[in-house]
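Below: one structure in structure tokens.
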Amino acid sequence: MNVFKHIAVFNGIGYDSNVFLLDGEILVDTGSGTRFPILKKGIEEKSDASKIKTIVNTHCHFDHCGGNKKFRSWLGAEIAAHRQDKPFIESGINTMAELFKEKPLISTVDKELKNGSMLKTANFSFEVIATP
């Protein structure tokens, strides 16, 4: 479903976060990974997945970044996250996976974001605002 022109949302179900596709270029969050096949199909129906080059994790919790490895394998996209979340995403510590009765999943963060970092697509410029 489009929530705004060029912004699609894939609603989270259960303990999965919402996943957003910005301009068909940036994927925001990957959910827990348990719904990967459904999300993949939805994204393919909405856009040309080969144009997605960046995955942004809004924060390190499992329900937002647990699907990173699956999405990176599929898309070949870089993963970007705030520099304070990077150690947790890369180690699985403090991701709260245990609260979901899951094992922590780790992935490498390719690009560190900080307050004021800019992310650009064909139609938008997004500024990172850290809200710890």
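The values are calculated or read from the model by the stated rules, or taken from the named source; none is laboratory data. The structure presented is a predicted model; accordingly, all values stated were derived computationally and were not measured. Note: ideal-geometry Cβ built from the backbone for every residue, glycine included; neighbour counts use all protein chains shown. Accessible surface is based on the protein model in full, side chains and every heavy atom, while ligands, DNA and RNA are left aside. Shrake-Rupley method; radii C 1.70, N 1.55, O 1.52, S 1.80 Å.
So which residues in the stretch 44-103 are of a type outside the set (G, A, S), out of contact with any strand residue (DSSP E or B) (no Cβ under 9 Å at 6 or more places or on another chain) and under 23 Å from H6 (Cα atoms), if there are any at all?
E44, E45, D48, K51, W74
Could you please find all residues in the stretch 30-43 being touching a Phe, Trp or Tyr at 6+ places or on another chain (Cβ under 7 Å) and farther than 14 Å from N2 by Cα?
Listed by number, the residues that qualify are T30, S32, L39, K40.
Restricting to the stretch 76-113, what's the tally of residues that are surrounded by fewer than 19 Cβ atoms within 10 Å (Cβ to Cβ) and under 21 Å from E25 (Cα atoms)?
Here the count works out to 6.
Hey, another quick one. Hey, does the stretch 12-33 have a residue that's among the polar types (S, T, N, Q), modelled with pLDDT under 95, in a loop (DSSP other than H, G, I, E, B) and at negative phi?
Checked against the condition, which is being among the polar types (S, T, N, Q), modelled with pLDDT under 95, in a loop (DSSP other than H, G, I, E, B) and at negative phi, the stretch 12-33 yields no hits at all.
List the residue pairs whose Cβ atoms are under 6 Å apart, where the first residue sits in the stretch 44-69 and is closer than 13 Å to A8 by Cβ, the second is of a type in the set (A, V, I, L, M, F, W, C) and surrounded by 17 or more Cβ atoms within 10 Å (Cβ to Cβ), and the two are 6 or more positions apart or on different chains.
Pairs found: K46/A8; A49/I43; I52/L27; I52/L75; I52/A77.
Another question, if that's okay. In the stretch 9-18, what residues are surrounded by 20 or more Cβ atoms within 10 Å (Cβ to Cβ) and without any contact (Cβ under 8 Å) to a residue 40 or more places away in the chain? Explain how you work it out, then say what you get.
At the first step, the residues of the stretch 9-18 found to be surrounded by 20 or more Cβ atoms within 10 Å (Cβ to Cβ) are 10, 16-17.
Residue satisfying the conditions is F10 alone.
Which of (1) modelled with pLDDT under 95; (2) open to solvent by 70 Å² or more (accessible area, probe 1.4 Å) does M118 not meet, given it meets every other one?
So the condition that M118 fails would be (1).
Would you check if I55 is open to solvent by less than 10 Å² (accessible area, probe 1.4 Å) and closer than 18 Å to D110 by Cβ?
Yes, satisfied.
So, one more: Is there a residue in the stretch 88-97 that is at pLDDT 95 or above and farther than 22 Å from P132 by Cβ?
no
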